[in-house]
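Notes follow the structure.
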Amino acid sequence: MTLPSGSLERSRYSFFSASHEGENFDNAKRRIVAVAGLNAHIREVFGEFAMSAMSEDRLRRLQSIAEASERIDHLLTEFKPEE
């Protein structure tokens, strides 16, 4: 028994639509995990900002802020969600 051409096309369309939807969902999950990791790193650096602000030594405070800024720059420029 052969399926009518229209039915076969509809079946293919359904299959590929479901596959594409599954890929989109998987990609979204990977992006969520990547952004959560980036968020954790940035929060850690903000903690360093807060700690450096409490330093009595002005030079050390400025150096710590510069280092924390560099870490954020590095995190953001190197951020590449997994493909």
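The values are calculated or read from the model by the stated rules, or taken from the named source; none is laboratory data. Because the structure is predicted, anything quoted here is derived from the model rather than measured. Note that we place each Cβ from the backbone using ideal geometry, even for glycine, and neighbour counts take in every protein chain shown.
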Glu70 being loosely packed, with under 12 Cβ neighbours inside 10 Å, at pLDDT below 85 and in a helix (DSSP H, G or I): no
Residues of region 47-59 classified as surrounded by 12 or more Cβ atoms within 10 Å (Cβ to Cβ) and either in a helix (DSSP H, G or I) or modelled with pLDDT of 85 or more (or both), total: 4
Neighbours by Cβ (under 7 Å, 6+ apart or cross-chain): first from region 23-38, closer than 20 Å to Asp73 by Cα and assigned to a helix (DSSP H, G or I); second of a type outside the set (D, E, K, R) and at pLDDT 85 or above: Leu38/Leu75
Flag for Ala28 being under 17 Å from the mean Cα position of the chain (by Cα) and modelled with pLDDT of 90 or more: no
